[in-house]
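I have placed the structure first, in the form of structure tokens, so that the comments after it can refer back to it.
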Number of protein chains: 2
Amino acid sequence: MSDTFVSLRNIRFLLYNVHDVETLVRYPRFEDHDRDTFDMVLDTAFRVARELLRPKLREMDQQPPEYVDGRVKVNPVVREFMAECGEGGWIGAAAPLDLGGQQLPQSIIAACVFTWAAANYSASVYPMLTAGAAHLIESFGSAELQEQYLPRMYAGKWQGTMALTEPQAGSSLADIVTAAEPTNEGYFKVRGQKIFISAGDHDGVDNVVHLMLAKIKGAPAGVKGISLFVVPRMRPEGKDLAFNDVNTAGVFHKLGYRGCPITHLSFGENEDCRAWLVGEPHKGLSYMFQMMNNARIEVGLGAAAIASAAYYASLAYAQERPQGRRLADKEPSQPQVPIIEHADVKRMLLLQRAIVEGAVSLLLQCGRYSDLVEVTEGEEKGRYSLLLDLLTPIAKSYPSEMGIISVSQGLQILGGYGYCDEFPLEQFYRDMRIHPIHEGTTGIQGIDLLGRKVVIKDGAAFTLFVKEVTETIRAASGVDSLRAYAERLEQATQILTRVTEQLVTLGRQGNRERFLADATLYLELFGIVAIAWQWLKQGVAALKALAGKVSQEEAAFYAGKHATMQFFFHYELPKSEGLSRRLLEADGFTVQATLATFSD
Amino acid sequence: MSDTFVSLRNIRFLLYNVHDVETLVRYPRFEDHDRDTFDMVLDTAFRVARELLRPKLREMDQQPPEYVDGRVKVNPVVREFMAECGEGGWIGAAAPLDLGGQQLPQSIIAACVFTWAAANYSASVYPMLTAGAAHLIESFGSAELQEQYLPRMYAGKWQGTMALTEPQAGSSLADIVTAAEPTNEGYFKVRGQKIFISAGDHDGVDNVVHLMLAKIKGAPAGVKGISLFVVPRMRPEGKDLAFNDVNTAGVFHKLGYRGCPITHLSFGENEDCRAWLVGEPHKGLSYMFQMMNNARIEVGLGAAAIASAAYYASLAYAQERPQGRRLADKEPSQPQVPIIEHADVKRMLLLQRAIVEGAVSLLLQCGRYSDLVEVTEGEEKGRYSLLLDLLTPIAKSYPSEMGIISVSQGLQILGGYGYCDEFPLEQFYRDMRIHPIHEGTTGIQGIDLLGRKVVIKDGAAFTLFVKEVTETIRAASGVDSLRAYAERLEQATQILTRVTEQLVTLGRQGNRERFLADATLYLELFGIVAIAWQWLKQGVAALKALAGKVSQEEAAFYAGKHATMQFFFHYELPKSEGLSRRLLEADGFTVQATLATFSD
């Protein structure tokens, strides 16, 4: 069985042909790079993925982290990988040169993260979290905090985490109770419990640094009283490290994503847990949103990546496994055909490819917007920022939700073998299921999209989105074999606009619950339109490339792109009809449903 | 956390109010029964489910069957349960009195199977398989085979299996190679390999009896050369049992459904495996279809049952777990509300309820048709038989496919906890995934529905189906609060009819691959319409019941039924629009897609 988990050709096509990443090097921030350095980075990431991460995929699943004597033991490859990430400059890849970073574009980093996550999702989380936590300190931490923490986090010696969730609050951050008490020594003393903290403790690093939300005593109620702190497990004291009263109460036993421990942490059991404020008091949630938004994109990347690995595993199986005959020719004396020749198997493969490559394209689109936010100013920066904000919940949720469907189709192709652990599909199926949950559930993403992103600045972000889509439609309308698809996307965008206007009007009338009742379905509808847009973009780029001088192999790749685009428009885009039908009813059905509805 | 896994009230509502099971006792076959005996049977099944099966749900998952020294060890509860099934007459429940059975209607048995599977799906499979295998012997076996095998199978002392799948053939039964050679002793000698055989060997019984497909030497190629045999693991020799050269090569390690071993069996390694022909040579597949069709209904029941257990587990959590506040009132100084008050959580619960109770209703509808086939004659019998044949692939696939969505929504309601094994959702998620695979994949069900069931007798079964739906529409049209839904169902049925006519015309033109290219989507569309029909039926029955004298509690139940029916029509039926849009294109897109499409 083939061991393919990503297509580098596809990644390069998306980066260079679709999203013009090369043009970024015109900006001073990225002027030290060029396509060669980007390619070198991608190749190195792929090598690490193939040689270090993929071989441990199954082992890390079957021998999950152990909780022993209050500490968490992980697979030795974690230490090896974190060291590799440190030496290779991966953790500080996005950070500015003057802080010791590599100043690489997010688009390129996203492609690398995707590659790692496709090889071994659990492993990929350790450096990603560390990079996100370090980025928070870079952006909002004092010079002293930066000096103390960044070098060792960039070096992969200290793990970073985001410590938000508490047992009594779950998704409702307004209700966290972890308390921080000021002292005269420049630090706070904290006490509280955090749960579901990924990589919250493990022996693959020398220390763990929690970027933690807590409330300073006397702070305002709700989210307006949340502050952000750095809380190390071991605190630097001179040249030494001292235990900072951060205790690991246990690890959760999970369906999948087993290579990374999700911990229950207890802070300040012995009144000796010190925390250092990041930025100003009570502004913690807005800071944390920086890390959270990045983390949401990374969840999308992780989900698309697992779906990519599942796609290639099922493709290889379908090409090798003989079973049955074509429906047109069922003569039993003839040999069986590989199952990829059955139309329904091709449908399942095309569905996977359409989801995976549509999702990655949207994620790299977000990477591009993120890079443009970094390098532009004023109104232009504002525009990219709005687009990124708008698309983040979709880039998180579409791969997470549709990735489940995608992996499930991959498993289905293997039939009974897909259900057994001889093949990796069943692990991918388990690993995938975390994504609609962590970093904000799909329900929360829907409310974020419709209740916040769509309405900010009087709908400015939505208007910009439609403009971007319209540009792609215009480009495609000039090409014969794309025109029909451009029209379909135009219609779908019009329907999305109509739904949006109707819902926003409802919201303006003050009925917030009814306005947001079907926000999850709105998110689904928006996701389908956004992915159709990305496919049309890919269609345009593929035909443009085909018009040049290409090898036979490249021609097949571009033809496959075109076919997968067609597939998405024929099989997936029509789902927007039923969704918009429902959304236009906007009757607040579920708001009105009483609890008695569930009596039996 | 509540331990509810089914609603007996709902089962009774479906049996008595919706499907008029009481009227069956008018027929001589069921005249010894009445509602009291039916209720007693249901209550007993529920007691067994609650007291014996449910307590072992988790243990059987966490300590799956072990393969030791060529044999399979299962949880001791299997022996206890099989004995209970024997003593209680469960395995022969449907069999005629004169063969030692109970002559109970399939509708009642289906409700019991549903209850057991909801408590512990893996456990429920052992007696179901035994009953199915025994039924084959009852129907087609010689008097000698009946005498030798039935008493001990009914007693739960001998396990029955269906042994079809082979490594090189998978779903393609035409390609099985297990060979049977006639002898002069009245038996055949067989040699071959079978894989994925559920309960193919275990120590919870004294013997295992395989109902096996094999080819007699010199038989015609393909499915026309398949014969059916009884192949016991230990063969009766006088009063003793002798080893029959049936070896267990191993068990598969599975994602879920872990309480039941799926075995790899090797027959005749030492040329001493005897097999007894059932019925005539080369007609084995048609006999086996009896067991397979029953087994498909049972897979549907199992899927709906797991989804039922998941629904109640997530409902209990949603009622107990406080988190966040209503969107209309986010004042953080107010206490948090139980998450069931959030519209999106209600949506997820209603979706689960709509899927579970819609699916069970369709399955009991099939049970009713099955009973009517048994008690009627001539043209009437033919009608019910056609309806049952038509609906079987839907009754298998809708619960299997939508059950995955349903359980996933249940898991989602629990958030991070849903992903952890402290709660049963993650097990249900794993257990559920087998159902679109075993007893014929969803792809095969789609081809069976469109390529066989819809077209037999010039579309007679489809016409009968539309007639049944139209009757329900007529009944609902007379009720104010149902009229709008009757109209929606009428439109959906018209669309389904148009799609069907167009596809069948395509098939008549001889392009079989294009005709069946989207059979899986056709199955999905048909499933949605069939479930909408069942919900409208439930709506009619609920309002009829409400019009009588009912307690407050009963009124709440019927109101909940009405609300769930509305939900299905508002949220699920619209999916038929996108599906029919795609199906009407009927362009054979996936047939034409070349293998180069997948190059990268």
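Values as computed for the structure displayed
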{"quantity": "Residue selected from the range A:135-179 under the condition assigned by TED's automatic domain parsing to the domain that holds A:GLY92 and among the acidic types (Asp, Glu), by the criterion most open to solvent (accessible area, probe 1.4 Å)", "calculated": "A:GLU147"}
{"quantity": "Enumeration of residues in the range B:10-40 that are aliphatic (A, V, I, L, M), free of Cβ contacts under 8 Å to residues at least 60 places away in the same chain and out of contact with any Asp or Glu (no Cβ under 6 Å at 6 or more places or on another chain)", "calculated": "B:MET40"}
{"quantity": "Unique residue being touching a Cys at 6+ places or on another chain (Cβ under 8 Å) and within 14 Å of chain A (Cβ to nearest Cβ) when the list is B:SER198, B:SER171", "calculated": "B:SER198"}
{"quantity": "Residue match in the range B:370-378 (condition: open to solvent by 10 Å² or more (accessible area, probe 1.4 Å), free of Cβ contacts under 8 Å to residues at least 60 places away in the same chain and part of a helix (DSSP H, G or I))", "calculated": "yes"}
{"quantity": "Sole residue being within 12 Å of chain B (Cβ to nearest Cβ) and buried (at least 24 other Cβ atoms within 10 Å of the Cβ), chosen from A:ILE405, A:ILE413", "calculated": "A:ILE413"}
{"quantity": "So A:GLY443, is it surrounded by 24 or more Cβ atoms within 10 Å (Cβ to Cβ) and touching a Ser or Thr at 6+ places or on another chain (Cβ under 9 Å)", "calculated": "yes"}
{"quantity": "Residue satisfying condition, being under 30 Å from B:PRO424 (Cβ atoms), among the small types (Gly, Ala, Ser) and either within 14 Å of chain A (Cβ to nearest Cβ) or surrounded by fewer than 20 Cβ atoms within 10 Å (Cβ to Cβ) (or both), within set B:ALA328, B:ALA310", "calculated": "B:ALA310"}
{"quantity": "Candidates B:ALA110, B:ALA169 - the one that is small (Gly, Ala, Ser) and part of a helix (DSSP H, G or I)", "calculated": "B:ALA110"}
{"quantity": "So B:ASP389, is it within 14 Å of another protein chain (Cβ to nearest Cβ), in contact (Cβ under 8 Å) with a residue 40 or more places away in the chain and more than 22 Å from B:SER124 (Cβ to Cβ)", "calculated": "no"}
{"quantity": "Selection status of A:VAL345, touching a helix residue (DSSP H, G or I) at 6+ places or on another chain (Cβ under 9 Å), open to solvent by less than 10 Å² (accessible area, probe 1.4 Å), among the hydrophobic types (A, V, I, L, M, F, W, C) and within 14 Å of chain B (Cβ to nearest Cβ)", "calculated": "no"}
{"quantity": "In the range B:502-542, the residues that are hydrophobic (A, V, I, L, M, F, W, C) and either over 19 Å from B:THR392 (Cβ atoms) or over 26 Å from the mean Cα position of the chain (by Cα) (or both)", "calculated": "B:LEU503, B:VAL504, B:LEU506, B:PHE515, B:ALA517, B:TRP535, B:LEU536, B:VAL540, B:ALA541, B:ALA542"}
{"quantity": "Pair list, Cβ under 7 Å, 6 or more apart: the range B:183-194 residue in the same structural domain as B:ILE226 (by TED's automatic domain parsing) and within 11 Å of B:ASP272 (Cα to Cα), other residue in a strand (DSSP E or B) and open to solvent by 60 Å² or more (accessible area, probe 1.4 Å)", "calculated": "B:PHE188/B:GLU181; B:PHE188/B:PRO182; B:LYS189/B:GLU181"}
{"quantity": "Total residues in the range B:186-204, condition of a type in the set (A, V, I, L, M) and open to solvent by 10 Å² or more (accessible area, probe 1.4 Å)", "calculated": "0"}
{"quantity": "Any chance B:TRP116 is in a loop (DSSP other than H, G, I, E, B) and farther than 20 Å from B:TYR16 by Cβ", "calculated": "no"}
{"quantity": "Test: residue in the range A:392-401 that is of a type in the set (Gly, Ala, Ser), out of contact with any Phe, Trp or Tyr (no Cβ under 8 Å at 6 or more places or on another chain) and within 14 Å of chain B (Cβ to nearest Cβ)", "calculated": "yes"}
{"quantity": "Subset of the range A:2-20 (residues that are assigned to a loop (DSSP other than H, G, I, E, B) and more than 9 Å from chain B (Cβ to nearest Cβ))", "calculated": "A:SER2, A:ASP3, A:PHE5, A:VAL6, A:HIS19, A:ASP20"}
{"quantity": "Filter pass, B:VAL504 being in a helix (DSSP H, G or I), more than 11 Å from chain A (Cβ to nearest Cβ) and free of Cβ contacts under 8 Å to residues at least 60 places away in the same chain", "calculated": "yes"}
{"quantity": "Contacts under 7 angstrom Cβ, first residue in the range A:321-348 being among the hydrophobic types (A, V, I, L, M, F, W, C), partner part of a loop (DSSP other than H, G, I, E, B) and open to solvent by 40 Å² or more (accessible area, probe 1.4 Å), 6 or more apart", "calculated": "A:VAL337/A:ARG326"}
{"quantity": "Single residue of the range A:217-260 satisfying the filter (within 14 Å of chain B (Cβ to nearest Cβ) and among the charged types (D, E, K, R)) that is most open to solvent (accessible area, probe 1.4 Å)", "calculated": "A:LYS224"}
{"quantity": "Subset of the range B:416-440 [more than 10 Å from chain A (Cβ to nearest Cβ), over 30 Å from B:LEU285 (Cα atoms) and not aromatic (Phe, Trp, Tyr)]", "calculated": "B:PRO424"}
{"quantity": "Qualifying residues in the range B:268-286 (those that are surrounded by 22 or more Cβ atoms within 10 Å (Cβ to Cβ) and closer than 29 Å to B:SER385 by Cβ) - the one nearest to the chain's Cα centre (by Cα)", "calculated": "B:GLY284"}
{"quantity": "Residue pairs meeting the criteria (Cβ under 6 Å; at least 6 apart or on separate chains; first in the same structural domain as B:THR115 (by TED's automatic domain parsing) and farther than 16 Å from B:GLY89 by Cβ, in the range B:41-61; second outside any helix (DSSP H, G or I) and of a type in the set (Gly, Ala, Ser))", "calculated": "B:MET60/B:GLY259"}
{"quantity": "Failed criterion for A:VAL177 (all others in (1) in contact with a Pro (Cβ under 9 Å, 6 or more places away or on another chain); (2) assigned to a loop (DSSP other than H, G, I, E, B) hold)", "calculated": "(1)"}
{"quantity": "Number of the exception - B:ALA119 against (1) over 30 Å from A:GLU320 (Cα atoms); (2) within 14 Å of chain A (Cβ to nearest Cβ)", "calculated": "(2)"}
{"quantity": "Checking A:ALA214 against (1) touching a strand residue (DSSP E or B) at 6+ places or on another chain (Cβ under 9 Å); (2) farther than 15 Å from A:VAL74 by Cβ; (3) open to solvent by 10 Å² or more (accessible area, probe 1.4 Å), the condition it does not meet", "calculated": "(3)"}
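For (1) touching a residue at least 60 places away in the same chain (Cβ under 8 Å); (2) assigned to a helix (DSSP H, G or I); (3) surrounded by 17 or more Cβ atoms within 10 Å (Cβ to Cβ); (4) touching a Leu at 6+ places or on another chain (Cβ under 9 Å), each residue gets a yes or a no:
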{"residue": "B:THR470", "(1), (2), (3), (4)": "no, yes, no, no"}
{"residue": "B:GLU487", "(1), (2), (3), (4)": "no, yes, no, no"}
{"residue": "B:ARG498", "(1), (2), (3), (4)": "yes, yes, no, yes"}
{"residue": "B:ARG514", "(1), (2), (3), (4)": "yes, yes, yes, yes"}
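The values are calculated or read from the model by the stated rules, or taken from the named source; none is laboratory data. Note that this is a predicted model, so its numbers are computed, not measured. Here Cβ is always computed from backbone atoms with ideal geometry, including for glycine, and neighbour counts include all displayed protein chains. Accessible surface areas use protein heavy atoms only, side chains included; no ligands, DNA or RNA. Shrake-Rupley method; radii C 1.70, N 1.55, O 1.52, S 1.80 Å.
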